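The structure appears below as structure tokens.
Every read-out reported here was derived from the displayed coordinates using simple, explicitly stated rules and does not represent laboratory data. None of these values were measured; they are calculated from a predicted model. Here the Cβ positions follow ideal geometry from the backbone for every residue, glycine too, while neighbour counts run over all protein chains shown.
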Amino acid sequence: LNQDDFDDIMLQAINFVEDLFLYRENLIINTQIHMLKNHKEKENIKLFINFIILALKDMFHVKQNGKVVFCNHVNFFNSLTNSTNFFNSLTYDNNDIIKKIELLLETSYLLDTNANIPLLMDSMMYRI
């Protein structure tokens, strides 16, 4: 995987997390247009899922004052954890993060079993 693809997949994972918590109505469309259209290989999709898992773990660690992987996005994660306005009251609690990580791990496992990638990703986005 070249550096440009790696950086793009990482950026798409962060955008996915942002859409997941702030702009849910854009989640599927943005992921289809920006990620799945450009990165169709199973390895790239798996990397994308792993980056999302890392970002969700970081969100958990920010709440617990732990170490984070995506250092540049700590302020974003903090804004989700400390929000007080109604719009961002849709944030998350620890159980929500754990359920999302479990779903992503299940999707990653199914990806290894030669599932239909577009169908699997759509299913994951609807369930998440």
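Overview of results
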{"quantity": "Enumeration of residues in segment 103-121 that are touching a residue at least 24 places away in the same chain (Cβ under 8 Å) and either touching a Leu at 6+ places or on another chain (Cβ under 9 Å) or outside any helix (DSSP H, G or I) (or both)", "calculated": "LEU104, THR107, LEU111, ILE117, PRO118, MET121"}
{"quantity": "Close pairs (6 angstrom Cβ cut-off, 6 or more residues apart or separate chains): within 18 Å of TYR126 (Cβ to Cβ) in segment 13-42, acidic (Asp, Glu) anywhere", "calculated": "ASN26/ASP19; LEU27/ASP19; ASN30/ASP19"}
{"quantity": "Residues being out of contact with any helix residue (DSSP H, G or I) (no Cβ under 9 Å at 6 or more places or on another chain) and closer than 18 Å to LEU105 by Cβ - total across segment 30-68", "calculated": "1"}
